[in-house]
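The values are calculated or read from the model by the stated rules, or taken from the named source; none is laboratory data. The model shown is predicted, which means the values in this text are computed figures rather than measured ones. So basically every Cβ, Gly included, is an ideal-geometry build from the backbone, and we count neighbours across all protein chains shown.
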Amino acid sequence: MPKSFKRMLYGGDYNPEQWPEDIWSEDMRLFKKAEINSVTINVFSWVRIQPSENEYCFEELDKIIHMLSEANFDIVLATSTASLPAWMVKRYPDVTRTDFEGRKYKFGGRHNFCPNSLTYQKYSVKIAEKLAERYASNSHITCWHICNEYHGECYCENCEKAFRVWLKDKYKTINDLNRAWNMSFWGHTLQDWDEIVVPNALSEHFEPRYTFFSGMSLDYKRFNSEGLMNNYIGERDAVRRYVPDALITTNLMGTYKPLDYFKWAKEMDIVSWDNYPSYDTPVSEVAMNHDLMRGLKSGKPFMLMEQTPSQQNWQPYNSLKRPGKMRAQSFQAVAHGADTVQFFQLRRSQGACEKFHGAVIEHAGHEHTRVFRETEALGRDLKKLGDTLIDSTIEARVGILFDWDTWWALEYTSGPHEDLTYLPQIQRYYDALYKKHIPVDIVGMDDDFERYDLLIAPVLYMIKGKIDKKLENFVAKGGRFITTFMSGIVDETDNVILGGYPGKLRDLLGIWVEEIDALLPDHANTIVPIDGTFLRDAVYQCNMLCDIIHLEKAEAIALYGEDFYKGMPVLTKNKYKEGTAYYIGSNAEQKLIDELIVHVCKDKGISSLAEVPEFVEVSCRTKNNNKYYFIINHLNESVEVSLPFVGYKDLLTDKITLEKEMLKPFDVKILVDHS
């Protein structure tokens, strides 16, 4: 398997099958003009390749691949299995999904297949195998792209039967399953495996988010994620049989809740993902998504598989990207670990639901558009960089723990507060680091914690496996650990860990939480620092949840200012062997979080990359002992900044950096010490 690309791939989704052949040659001219060097093809061509059950037609795809190979493009070849052919649905009704409400799908849409349909599994693997057999010797195929944006869930009889098999393999006995799901509650104890039904609107759910038996619904999340992943593995292995050294991926979707991407990444050669922020998405949220994608494979570079050159079509308000913003967003992805910059799409579709989704070649059909000029300019920038940044890494001393099981379980739980959701809590701690320009990794539970000096785990609701011992070992060796309310509450089956909150984290944190108060949406409490702490203000706000905390070994840093628990601890610090663990017992205002992060980073000697305003992003990639600093102005206005990189060379302009630099709207600099 190749370790990296030979050049930074620049291009995107290309659908020549949607256009007459006389347009293809014009596409080739325009792609070359824009310095595009790669194309992703065959994403939705299943029915064109296999128009009937026993008929395969490769003539059109042969022409496309030959044309692209002759023009020296890197080809990302998809297996086209995201949309079912109509003939398959007509002949084999088992291939379509049943939704959460119990309704059976007909032909239509995409990702309309049941992951546990034996028919779908058979034919998806077969077409992947035929593609690999036919094009195995083509050296221009740089990457294989399995399916497309796996998503969704199915609740059909196929899935119900497969779920029972999955559960039997996991729990072995029906009694162990009953204990795991706490089925003695409401007299739901099961006597046999065939009494298990899928948890949906017809059974255990009273809303999509809320369930009577969270252990069951949590297992169905795991089952569905693994089922779709097995579809991917089936096609991947089919390709591998004919192309043993193939680089194989599928495009992920950032913080997509239904699929556990840490497990998926273990089956992928390289992570790729599709970045579609809306007009008002904070740049820090996009940055965190990039860092998550990099973190899925422990810091390895990833592929930016899709973004729009300008306009989207499927969001409520599909604003144009202002001049320069596409370039800034592209380089933001590179700054956080992307080794490709790719678009959906290269030529804008004429009809159907994506006809107003932006493209490099607009409906005008020529290069005389703003979007094309910006694409061409970015192509020149990337060509100039060559392979300088390929396979470079990001050095971070801070990690934020991210766990899909915790996400699912936390948001399935009924109580104590419906406004508590997982991602906003993660984002708040990420933002505290982002605006101080401190590099951060998003870390999975199986990753090596010893690489970091500071680990942060907001709302670490679920303690599974030996994660508590792993955290204790990390802190004991001198690490710093920060966690919050609603942590250490349940085990991996979503049953409460008895003996007092925060369960198995109690010794590490040195506290006992007796009760959890839920505040109404318009209510708040206050946090009052104890004299002599690092907190700067006399009082801070907090809301949503308030833990009533008793100190065991920990010391209090701040106390509640109101209600019957006034004067009780809310922010605590516990020395644990060589390290320190902090606990925030309420949903504190952002300023307090920022000050805590700054204090702990200073304590461990973790410094900012640069002291610049938070709307100017500073990131760094490292390769062969060279550090490449990205300076990105995310504002649509010019700003003057003082930089600590005086005398460094800007790889994009060849200019030498001054102490004060004027950054244009959405400006980008990539600086390296060339002394």
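Sub-9 Å Cβ pairs linking a first residue in the range 255-272 that is farther than 12 Å from Glu226 by Cα and modelled with pLDDT of 95 or more to a second residue that is surrounded by 21 or more Cβ atoms within 10 Å (Cβ to Cβ) and of a type in the set (D, E, K, R), at least 6 apart or interchain, are Lys257/Lys221; Met268/Arg236; Asp269/Arg236; Ile270/Asp339; Val271/Arg294; Ser272/Glu306, ordered by first then second residue. Within the range 389-425, if we keep just the residues that are of a type in the set (D, E, K, R) and more than 15 Å from the chain's Cα centre (by Cα), the residue that is farthest from Asp339 (Cα to Cα) turns out to be Glu418. Give the residue that is nearest to Val598 (Cα to Cα), with candidates limited to residues of the range 443-468 that are in a loop (DSSP other than H, G, I, E, B) and among the acidic types (Asp, Glu). This residue is Asp453. Candidates in the range 574-599 are the residues that are of a type in the set (Phe, Trp, Tyr) and touching a helix residue (DSSP H, G or I) at 6+ places or on another chain (Cβ under 6 Å); of these, the one that is surrounded by the most Cβ atoms within 10 Å (Cβ to Cβ) is Tyr583. Taken together, the residues in the range 78-108 that are touching a Ser or Thr at 6+ places or on another chain (Cβ under 8 Å) and part of a loop (DSSP other than H, G, I, E, B) amount to 8. The set of residues in the range 17-37 that are among the β-branched types (Val, Ile, Thr) and assigned to a helix (DSSP H, G or I) contains only Ile23. The single residue among Leu535, Leu471, Leu508, Leu571 that is assigned to a strand (DSSP E or B) and crowded, with 18+ Cβ neighbours inside 10 Å turns out to be Leu571. Would you pick out the residues in the range 38-63 that are part of a loop (DSSP other than H, G, I, E, B) and of a type outside the set (S, T, N, Q)? Selection gives Val43, Phe44, Pro51, Glu53, Tyr56, Cys57, Phe58.
Residue count for the range 126-153, restricted to those that are in a helix (DSSP H, G or I) and either more than 26 Å from Lys263 (Cβ to Cβ) or touching a strand residue (DSSP E or B) at 6+ places or on another chain (Cβ under 9 Å) (or both): 7. Taken together, Lys297, Lys257, Lys321 contain a single residue that is under 17 Å from Leu423 (Cα atoms), part of a loop (DSSP other than H, G, I, E, B) and among the charged types (D, E, K, R), which is Lys257. Pick from Ser278, Ser284, Ser225: which is in a loop (DSSP other than H, G, I, E, B) and among the small types (Gly, Ala, Ser)? That would be Ser278, the only listed residue that is in a loop (DSSP other than H, G, I, E, B) and among the small types (Gly, Ala, Ser). Taking Glu611 as the residue in question, decide whether it is touching a helix residue (DSSP H, G or I) at 6+ places or on another chain (Cβ under 7 Å), surrounded by fewer than 21 Cβ atoms within 10 Å (Cβ to Cβ) and outside the structural domain of Lys300 (by TED's automatic domain parsing). Spelling it out, it is not the case that Glu611 is touching a helix residue (DSSP H, G or I) at 6+ places or on another chain (Cβ under 7 Å), surrounded by fewer than 21 Cβ atoms within 10 Å (Cβ to Cβ) and outside the structural domain of Lys300 (by TED's automatic domain parsing). No other residue among Trp193, Trp186 is of a type outside the set (S, T, N, Q) and touching a Lys or Arg at 6+ places or on another chain (Cβ under 6 Å) apart from Trp193. Taken residue by residue, the range 384-393 has no member that is farther than 30 Å from Phe73 by Cα, touching a residue at least 40 places away in the same chain (Cβ under 8 Å) and among the charged types (D, E, K, R).
Residues of the range 655-675 being assigned to a loop (DSSP other than H, G, I, E, B), among the acidic types (Asp, Glu) and free of Cβ contacts under 8 Å to residues at least 40 places away in the same chain, which ones? If the condition is that a residue be assigned to a loop (DSSP other than H, G, I, E, B), among the acidic types (Asp, Glu) and free of Cβ contacts under 8 Å to residues at least 40 places away in the same chain, then Glu659 is the only one that fits. Checked against the criteria, Ile438 counts as under 27 Å from Arg327 (Cα atoms), out of contact with any Leu (no Cβ under 7 Å at 6 or more places or on another chain) and of a type in the set (Val, Ile, Thr). Only one of the listed residues (Ala201, Ala162, Ala132) is in contact with a helix residue (DSSP H, G or I) (Cβ under 6 Å, 6 or more places away or on another chain) and outside the structural domain of Trp408 (by TED's automatic domain parsing). That residue is Ala132. Of all residues in the range 489-502, those being touching a strand residue (DSSP E or B) at 6+ places or on another chain (Cβ under 8 Å) and not aliphatic (A, V, I, L, M) number 6.
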